[in-house]
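J.: There's a structure below that I have some questions on.
Here, each number is a calculation from the coordinates, and none is a lab measurement. As the structure is a computational prediction, the values presented were derived from the model and not from experiment. Reconstructed Cβ throughout: ideal geometry from the backbone, glycine too, with neighbour counts over all protein chains shown.
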């Protein structure tokens with residue numbers, strides 16, 4: 001009968017070794033050029049998304065302001 005603590009430690013060590021093996025032998029890492037390009041794409045996308053959210057938010061704010069002024073004027 002094996003000790004459960006030793007068994008858990010052994011399984012954890014095996015799991016960690018497999019993770020390290022996957023990261024260094026099977027994973028495909030981007031080149032520095034690919035990394036810079038991907039980062040640029042993400043930054044541009046976030047800027048465009050932020051601009052769209054700003055325009056939508058500003059438009060809704062002005063619409064609500066216009067409607068409340070119309071209702072208050074009556």
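J.: What's log10 of I(q)/I(0) for the chain at q = 0.11, 0.19, 0.23, 0.28 Å⁻¹, Debye sum over Cα points only, no solvent?
T.: Scattering profile of the chain, log10 relative to I(0): -0.65, -0.90, -1.00, -1.11.
J.: Rounded to the nearest 500, what is the chain's calculated 222 nm mean residue ellipticity when only DSSP H runs of at least 4 contribute -39500 (n - 2.57) each, over all residues?
T.: Numbers: 2 runs with 60 residues, N = 74.
Rounded to the nearest 500, the figure is -29500 deg cm²/dmol.
J.: Describe numerically, in nm with one decimal, the distance between label points set 7 Å from Cα along Cα→Cβ at residue 58 and at residue 37.
T.: According to this spin-label approximation, the distance is 3.4 nm.
J.: Please compute the modelled spin-label separation between residue 68 and residue 15, points set 7 Å along Cα→Cβ, answer in nm with one decimal.
T.: 5.3
J.: Then there's this: Would you mind giving the three semi-axes, in whole Å and largest first, of the ellipsoid equivalent to region 31-74 according to its Cα gyration tensor?
T.: Listed largest to smallest, the semi-axes of region 31-74 are 42, 4, 4 Å.
J.: By per-residue mean of other Cβ atoms within 10 Å, what is the highest-first order of 40-48, 26-34?
T.: Packing order, densest peptide first, comes out as 40-48, 26-34.
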